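Comments concern the structure below.
The values are calculated or read from the model by the stated rules, or taken from the named source; none is laboratory data. None of the values given here were measured: they were computed from a predicted structure. Heads up, the Cβs are rebuilt from the backbone with ideal geometry, glycines too, and the neighbour counts pull from every protein chain shown. In case anyone asks, the SASA skips ligands and DNA or RNA and just uses the protein heavy atoms, side chains included. Shrake-Rupley method; radii C 1.70, N 1.55, O 1.52, S 1.80 Å.
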Amino acid sequence: PLLRDPEVDFIYFYSMGRILNEHPAEELYDYGVQKRVCAEVHPLKTGEYGPIPYPPFVGILFRPFARLPYLAAYLLRISISLILYIAGIAICSGRYFPHDPLRQSLIFCFALSFYPFIGWTMMSGQLSALGFFALAVALVQEDLGRPLLSGLALSVCLYRPTFMVLILPMLLITRRFRTCVGFAAGSITLALCATAVEGTRVWSGY
């Protein structure tokens, strides 16, 4: 059986950072190394960890976290997720209800009481808050008539490539070709940054 720990996603992120800190880059997607490092971070009583599906730049992002004790890194990630979530709400509510503080305050109240955010995103260590912030920026930039910046923001969602199954067809069907250009530029930039930091070897197993 696969892992059923409530902190499953953060264990993967923390382990990716630790592998990049302590092992050669080409071992990032070595399943044996992944299982050993994940088990060192959080031993399982039953079952085993599955392969890590996230791209290399996610591991690079979590290298500083992996230099901290696990609990400290986990609490820091929760704090950053909360900040990103609040920032995304502020960006959208400020754009679509610019002179309506009552509606803005209600949006904040409902958003912060939304159980899936507290129960799943915050406590399980997911990166959904990052995706939410990126989508909020993309929507506002699109509304401001800045499709290239909107596409750049959307490229952040590549931290989970399965999102592209929805995002790319949406852009093409709605003929947002300039947004596609921005998205492509952001995607290439992320890939180049990961390659510049860890070298081409980091992609070998991905």
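Filtering region 136-149 down to residues that are part of a helix (DSSP H, G or I) and surrounded by fewer than 21 Cβ atoms within 10 Å (Cβ to Cβ), which residue is nearest to the chain's Cα centre (by Cα)? Step by step, filter region 136-149, then rank; the result is 137. If I filter region 116-127 for residues that are open to solvent by less than 70 Å² (accessible area, probe 1.4 Å), at pLDDT 90 or above and at negative phi, do I get at least one hit? No, region 116-127 contains no residue that is open to solvent by less than 70 Å² (accessible area, probe 1.4 Å), at pLDDT 90 or above and at negative phi. For residue 176, the test of being in contact (Cβ under 8 Å) with a residue 24 or more places away in the chain, open to solvent by 50 Å² or more (accessible area, probe 1.4 Å) and over 22 Å from residue 20 (Cβ atoms) is passed.
Evaluating residue 152 against the criteria (1) of a type in the set (A, V, I, L, M, F, W, C); (2) open to solvent by less than 60 Å² (accessible area, probe 1.4 Å); (3) in contact with a Gly (Cβ under 7 Å, 6 or more places away or on another chain) leaves one unmet condition, (2). Going through (1) open to solvent by 20 Å² or more (accessible area, probe 1.4 Å); (2) small (Gly, Ala, Ser); (3) under 21 Å from the mean Cα position of the chain (by Cα) one by one, residue 17 falls short only on (1).
Would you say residue 106 is among the hydrophobic types (A, V, I, L, M, F, W, C) and farther than 25 Å from residue 72 by Cβ? Yes: the conditions hold for residue 106. Residue check: residue 81 meets all listed conditions (1) in contact (Cβ under 8 Å) with a residue 12 or more places away in the chain; (2) among the polar types (S, T, N, Q); (3) surrounded by fewer than 16 Cβ atoms within 10 Å (Cβ to Cβ) but one, namely (3). Considered as a group, the residues in region 169-190 that are among the aliphatic types (A, V, I, L, M) and out of contact with any Phe, Trp or Tyr (no Cβ under 8 Å at 6 or more places or on another chain) include one that is nearest to residue 141 (Cα to Cα), and that residue is 181.
Considering region 65-75, the residues that are part of a helix (DSSP H, G or I) and open to solvent by less than 70 Å² (accessible area, probe 1.4 Å) include one that is farthest from residue 12 (Cα to Cα), namely 72.
Rundown of residues vs (1) open to solvent by 40 Å² or more (accessible area, probe 1.4 Å); (2) within 26 Å of residue 195 (Cα to Cα); (3) in a helix (DSSP H, G or I), yes/no style:
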| site | (1), (2), (3) |
| --- | --- |
| 35 | yes, yes, yes |
| 43 | yes, no, no |
| 88 | no, no, yes |
| 94 | no, no, yes |
| 102 | yes, no, yes |
| 109 | yes, no, yes |
